[in-house]
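This report refers to the structure that appears directly beneath it.
The values are calculated or read from the model by the stated rules, or taken from the named source; none is laboratory data. The structure presented is a predicted model; accordingly, all values stated were derived computationally and were not measured. Don't worry about glycine lacking a Cβ; one is built from the backbone with ideal geometry, like all the others, and counts go over all protein chains shown.
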Amino acid sequence: MAQERWQPEPTDFPPTVITVDSPPVESMQFAALPWAATLGVASAWHTAEEMSRNAERIASEFRGHRAGRAALFALVAELLAVGSVALALLPLIALSFPRAATRALFNPSYALLLGGEAVVGVVLMALLMVGLHALWAWGMELGVWNRGLPRNWNSGVALACYSCGWDLVTSPFGVCVLLFGKGPRSVGPVVRAALNAPRLCVNAYLQGAREFSEADQSAVLRFAVWVTAPVVLLLAGGLLVGLVAILA
């Protein structure tokens, strides 16, 4: 008599369910921006360089965003940029105020006081620069609202914060990194790309990511200029008055 062989029924074992986590929106959208993956000075520099070299492509695809992370990048970039400008101007400042420079040279406590004031000044200027970039984004979104078009405040502010990388690339810090890291021939192309990036970026963003018509783009940009220009002129006038008061 043949023995019957036991065969498992399909219901004997629970079905195996395999789940695959979808990558976050930002990791897909900002795959070319290192800051979206890791934080740090090196990541900030590579992000600034990428924003300069490929501003048009990045802006045209700029839909995912994390405005808070972008704002942190903007602060780091502007601190490095403004700080390097301050260091580059240090000899000129010392020549302009010889008594203060001499006193700081022989008085450590006075030098520490001046250093603390310089750090505070750099931080305030960096915050001001970040604010100006964000102001431009808000001006554009107000223009979008004025035209009755769909608004995206977070995306606009995030892109404006990432655009602070252009200030980093064109600063003494950026020039030194390019000069000593990639050689003298790398400085010109990257700096020129950063200088041309604002025009290319804003047009690509409004046309590609936001899908606005040419008429809407022009109207939005005009509105943004009307919003931001008075603030910029007011700040420039205040800085000039302050400089004259210091030198008087």
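Odds and ends about this structure:
- Scanning the stretch 75-102 for residues that are surrounded by 12 or more Cβ atoms within 10 Å (Cβ to Cβ) and of a type outside the set (A, V, I, L, M, F, W, C) turns up Glu78, Gly83, Ser84, Ser96.
- Of all the criteria given as (1) under 23 Å from the mean Cα position of the chain (by Cα); (2) more than 21 Å from Leu128 (Cβ to Cβ); (3) crowded, with 19+ Cβ neighbours inside 10 Å, the one not satisfied by Phe212 is (1).
- Of note, Val123 does not satisfy the criterion of being β-branched (Val, Ile, Thr), surrounded by 16 or more Cβ atoms within 10 Å (Cβ to Cβ) and within 20 Å of Gly174 (Cβ to Cβ).
- Taking the criterion of being under 28 Å from Glu61 (Cα atoms) and either in contact with an Asp or Glu (Cβ under 8 Å, 6 or more places away or on another chain) or assigned to a helix (DSSP H, G or I) (or both), the residues of the stretch 158-174 that qualify are Ala158, Leu159, Ala160, Cys161, Tyr162, Cys164, Gly165, Trp166, Asp167, Leu168, Val169, Gly174.
- Single match in Leu132, Leu105 (criterion: hydrophobic (A, V, I, L, M, F, W, C), surrounded by 12 or more Cβ atoms within 10 Å (Cβ to Cβ), modelled with pLDDT of 80 or more and in a helix (DSSP H, G or I)): Leu132
- Contact map, the stretch 130-156: first residue free of Cβ contacts under 8 Å to residues at least 40 places away in the same chain and more than 24 Å from Ala81 (Cβ to Cβ), second residue crowded, with 21+ Cβ neighbours inside 10 Å and not hydroxyl-bearing (Ser, Thr, Tyr), Cβ cut-off under 7 Å, separation 6 or more or different chains; pairs are Glu141/Gly156; Arg151/Glu141; Arg151/Val144; Trp153/Glu141.
- Options Leu195, Leu206, Leu179: the member that is crowded, with 23+ Cβ neighbours inside 10 Å and either within 23 Å of the chain's Cα centre (by Cα) or in a helix (DSSP H, G or I) (or both): Leu206
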